[in-house]
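Participant: Encoded as structure tokens, here's the structure I'll be asking about.
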Amino acid sequence: MTDPRLPYLAEFERKILWLSSWTIHNANHVRPNLDGLKIGGHQASSASLSTIMTALYLAVLKPEDRVAVKPHASPIFHAIQYLLGHQTREKLENFRGFKGAQSYPSRTKDIDDVDFSTGSVGLGVAQTLFASLVQDYVKAHGWRKDRPEGRMIALVGDAEMDEGNIFEALLEGWKQGLRNTWWIIDYNRQSLDAVVREGLYARFESIFRSFGWDVVVLKHGSLMQEAFREPGGDRLREWIDSCPNQLYSALTFQGGAAWRKRLLDDLGDQGPVTRLIEKRSDEELARLMSNLGGHDLPSLLQAFESIDHDRPTVFIAYTIKGFGLPLAGHKDNHAGLLTPTQMEGFRASAKVRPGHEWDRFEGLNLPEAELERFLKSVPFNARGKRRHEAPKVPVPAALSTPQQPSMSTQQGFGLILNELARSSEPLADRMVTTAPDVTVSTNLGAWVNRRGLFAREEMKDLFKSERIPSTFTWDFSPKGQHIELGIAEMNLFILLSALGLSHSLFGERLLPIGTLYDPFISRGLDALNYACYQDARFIVAATPSGVTLAPEGGAHQSIGTPLIGMAQDGLASFEPAFVDELSVILRWAFDYLQRDGEGEPSEREIQEKSWLRDETGGSVYLRLSTRTADQPQREMTPDLAADIVDGAYWMRKPGPNAQVVVAYTGTVAPEAIEAVGLMAEDRRDIGLLAITSADRLNAGWTAAQRARERGLVHARSHIERLLGDLQPHCGLVTVIDGHPATLAWLGSVMGHRTRSLGVEHFGQTGTVQDLYRHFGIDAQGIIAAAEMIAPGRPIRYLKAVG
Ligand SMILES: Cc1ncc(C[n+]2csc(CCOP(=O)(O)OP(=O)(O)O)c2C)c(N)n1
Ligand SMILES: [Mg+2]
């Protein structure tokens, strides 16, 4: 008996193809919304997934499933959501326009229930794998026992498989015992520029099998399979299977007559197979030859619905790029658009009357009431929108601050986490840490000793059971709270992205902390950007940083990361110098992570003082160091704590006639303190500004300026207040173990002359002192800069230093 859903799915597949094509056509020709710029819209890329996505969204998916849609299938996705009532005509009419439906599905910018943003190819694919690990983590901790497990599904372009991060993820998935993950490869054998290499599917098959995945190849649709059963069918099958990709594409583009000519050239005068070809009209022949597995609803339903296990599964689905459209199969079709004439032809075949282009059932062959009933019964849509919310985890008023007289920020970070691990704070139970093989070297060891490593199955530390002394206990269990990763930094950020969306994906809030060496942020940078773009919430502690990792040499020293921290949207960056600052920042971070990020951030004057957009929340980057520093003995007053969070405070307040102010960030604090002490006799009223977050300081300043430009004349940012009392002639020397541009803008705030010290060139091995001297960020360098910028009598200690 045929599946009763098939007639509806076939109708809706046509409708979805029409709506997605019309969306693109409308944006280009009817209501051009990009100043005459023709916009691709990726009609062809979308069309190759039209059948698969119809089958998935309107039949196979359950509400608990989560999907990363190939970026260029966005028009199809929006069309489906429009049919299901989650996308508006207005947004579709404004596709790719300002505030319209987005070119690539976006969790934050689209309204139609996007599970994972995509755009930078490869990242969404890996995101599904890590989301599945997070689902396992949540379940293993006993938090969603009553809810069904979802499948994490990626719709993957075949050329997208070139991205290395996918393979890094595959290896990690294998190590972690991946389950409940489906990747569906849209095997249209075309990329952006060209047709892919022959035989690629065979590489895919063996790669996936070796990582323990099940492989399902969907090559021949049901029409083809029927034809293969006819006399001569085996010859046709051989021909199809040995046809080069380029030729198949070209014939698809040319259509029925070309198929006939070519097939008869190759298979004419050969008895039954010739008859098989000849008895079909051109149109029937074209339909047969384009009936690949990925365009055959019965095969797709059968393949998806026969999976009765949770093993990771890849489907290699043969498709046609541009399926159902006049540009099908053409190798240049990636950014191709239908001409108005082609669109009119398509309109006629879709039976859509002018003025009825957006009608959901226009041109369909089944009664509206039945179609409506079918849509209402779609399992995926049974619960409407599928995003979850999770209550906030309470954050204590203060974290316990280690009291050692001398330590590094990295060490302090480890100690604070250790205290949290020992505590019974609910917060500690929701924390989850992860590191790419640098757990011990970034000081997470003590936390891991107490809270254990996560794995679905128990695994005891053999060294411990053999009684071999070791500082660290490496016990794995389902209750563990540290996920140990292999070295790939891409995986770290994609996992943080998945952990940081747990509240929305799975309804359980996690407070993720990832650690890595600061220079290697760049290795995972696109994934970090991706995580922020989807508004995932996490803390990244990057340590060591700068040239303070002196003996390791230039390859382990970071220069530009403070600028990354400033420029990265969705990430508040801090570089504390002292552990009491770090403690305040971490506490704040746990709260900031959990603030509701829905909607557009507004610049309301929530924190009257700072002009920061703090109500929306975000992720946090801590740039730490292994360099030991003497810790100030001071009381952490609420005012000081607020200043630390806003980005700066006076370590030494300048007098009324200050000639020079030194502003430092992070681990160069001792140099700045020393320099100020040595200059105090020769420069009047000297000030020392401790900057804990150049990022937030700068953001507040920018926001205040914008507010004033809008007429809010009293808007003042934190840095404007701090520098506001300085005389115009006061010089500013800024210093950071990182790129000097990080603080160079301070001179523009009130117009003070500024000299910015920092590191611009690759370092090398040496002691910290050697390198600081070399780059001129030691006390002597600071004093020399001050003398130039704030003229006066010679600073007598200048020569004595260093
Ligand atoms: C990281 C990244 N690099 C490059 C691009 C530009 N780009 C978009 S689609 C594409 C080719 C996609 O081919 P495939 O994955 O086979 O998808 P198809 O268009 O065939 O459906 C490229 C290179 C991108 N979006 N992301
Ligand atoms: Mg392709």
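The values are calculated or read from the model by the stated rules, or taken from the named source; none is laboratory data. Given the structure is predicted, the values throughout are model-derived calculations rather than measurements. Note that each Cβ is placed from the backbone with ideal geometry, even for glycine, and that neighbours are counted across all protein chains shown.
Participant: Please specify each residue of the stretch 527-545 satisfying the condition of being part of a helix (DSSP H, G or I), out of contact with any strand residue (DSSP E or B) (no Cβ under 8 Å at 6 or more places or on another chain) and not polar (S, T, N, Q).
Facilitator: Correct list: ALA527, TYR530, TYR533.
Participant: Within the stretch 492-531, can you find the residues that are within 16 Å of ligand 1 (Cβ to nearest atom) and either closer than 21 Å to GLN135 by Cα or polar (S, T, N, Q) (or both)?
Facilitator: Residues satisfying the conditions are PHE493, ILE494, SER497, SER522, ALA527, LEU528, ASN529, TYR530, ALA531.
Participant: Shifting gears a bit: Out of all the residues in the stretch 331-352, is one or more over 20 Å from ALA79 (Cα atoms) and surrounded by 17 or more Cβ atoms within 10 Å (Cβ to Cβ)?
Facilitator: For the stretch 331-352, residues over 20 Å from ALA79 (Cα atoms) and surrounded by 17 or more Cβ atoms within 10 Å (Cβ to Cβ): present.
Participant: Taking the condition touching a helix residue (DSSP H, G or I) at 6+ places or on another chain (Cβ under 8 Å) and within 16 Å of ligand 1 (Cβ to nearest atom), does GLY363 pass?
Facilitator: Against the criterion (touching a helix residue (DSSP H, G or I) at 6+ places or on another chain (Cβ under 8 Å) and within 16 Å of ligand 1 (Cβ to nearest atom)), GLY363 does not qualify.
Participant: Now, a different point. Can you pull out the residues in the stretch 57-104 that are β-branched (Val, Ile, Thr) and in a strand (DSSP E or B)?
Facilitator: Across the stretch 57-104, the qualifying residue is only VAL67.
Participant: Okay, next question. I'd like to check something: does the stretch 30-53 contain any residue that is buried (at least 24 other Cβ atoms within 10 Å of the Cβ), away from ligand 1 (no atom under 14 Å from the Cβ), modelled with pLDDT of 95 or more and under 23 Å from TYR318 (Cβ atoms)?
Facilitator: Checked the stretch 30-53: no residue is buried (at least 24 other Cβ atoms within 10 Å of the Cβ), away from ligand 1 (no atom under 14 Å from the Cβ), modelled with pLDDT of 95 or more and under 23 Å from TYR318 (Cβ atoms).
Participant: Looking for whichever is of a type outside the set (A, V, I, L, M), in a helix (DSSP H, G or I) and modelled with pLDDT of 95 or more here; the options are ARG280, ARG262. Which one fits?
Facilitator: Of ARG280, ARG262, the one residue that is of a type outside the set (A, V, I, L, M), in a helix (DSSP H, G or I) and modelled with pLDDT of 95 or more is ARG262.
Participant: Another question about this same structure. Hey, among ARG634, ARG710, ARG627, ARG706, which residue is of a type in the set (D, E, K, R) and surrounded by 18 or more Cβ atoms within 10 Å (Cβ to Cβ)?
Facilitator: Matching residue, one of ARG634, ARG710, ARG627, ARG706: ARG627.
Participant: Regarding the stretch 623-640, can at least one residue be identified that is aliphatic (A, V, I, L, M) and farther than 23 Å from PRO519 by Cα?
Facilitator: Yes, the conditions are met somewhere in the stretch 623-640.
Participant: Given GLY363, GLY355, which one is out of contact with any Lys or Arg (no Cβ under 8 Å at 6 or more places or on another chain) and either under 18 Å from ARG14 (Cα atoms) or assigned to a loop (DSSP other than H, G, I, E, B) (or both)?
Facilitator: None of the others qualify; the one that does is GLY355.
Participant: Could I ask something else about it? Looking only at helices (runs of 4 or more DSSP H) that lie completely in the stretch 408-526, which have at least 3 residues being modelled with pLDDT under 95 and farther than 30 Å from ASN180 by Cα?
Facilitator: Once the helices (runs of 4 or more DSSP H) in the stretch 408-526 are filtered for at least 3 residues that are modelled with pLDDT under 95 and farther than 30 Å from ASN180 by Cα, what remains is 462-465.
Participant: Within the stretch 198-232, can you find the residues that are in a loop (DSSP other than H, G, I, E, B) and in contact (Cβ under 8 Å) with a residue 40 or more places away in the chain?
Facilitator: Within the stretch 198-232, GLU198, PHE211, GLY212, TRP213, LYS219, GLY221, GLU230, PRO231, GLY232 qualify.
Participant: Give me a count of the residues in the stretch 124-150 that are buried (at least 24 other Cβ atoms within 10 Å of the Cβ) and closer than 19 Å to PHE380 by Cβ.
Facilitator: 5
Participant: Under the condition of being at pLDDT 95 or above, of a type in the set (Val, Ile, Thr) and within 16 Å of ligand 2 (Cβ to nearest atom), which residue from the stretch 160-214 is farthest from GLN43 (Cα to Cα)?
Facilitator: ILE166
Participant: Any idea how many residues of the stretch 329-358 are closer than 14 Å to THR23 by Cβ and under 32 Å from the mean Cα position of the chain (by Cα)?
Facilitator: 1
Participant: A further question on this structure: For ASN165, state whether it is within 16 Å of ligand 1 (Cβ to nearest atom), in contact (Cβ under 8 Å) with a residue 24 or more places away in the chain, polar (S, T, N, Q) and out of contact with any strand residue (DSSP E or B) (no Cβ under 9 Å at 6 or more places or on another chain).
Facilitator: Criteria met by ASN165.
Participant: I'm checking my understanding of the structure. Among residues of the stretch 184-215 that are within 13 Å of ligand 1 (Cβ to nearest atom) and of a type in the set (Asp, Glu), which one is nearest to the chain's Cα centre (by Cα)?
Facilitator: In this case the residue turns out to be ASP186.
Participant: Quick check on ILE307: is it β-branched (Val, Ile, Thr), out of contact with any helix residue (DSSP H, G or I) (no Cβ under 8 Å at 6 or more places or on another chain) and at pLDDT 95 or above?
Facilitator: Taking the combined requirement at face value, the residue satisfies it.
Participant: Can you work out which of the residues in the stretch 109-162 that are more than 22 Å from ILE307 (Cα to Cα) and polar (S, T, N, Q) is nearest to ligand 1 (Cβ to nearest atom)?
Facilitator: If we take residues in the stretch 109-162 being more than 22 Å from ILE307 (Cα to Cα) and polar (S, T, N, Q), then SER120 is nearest to ligand 1 (Cβ to nearest atom).
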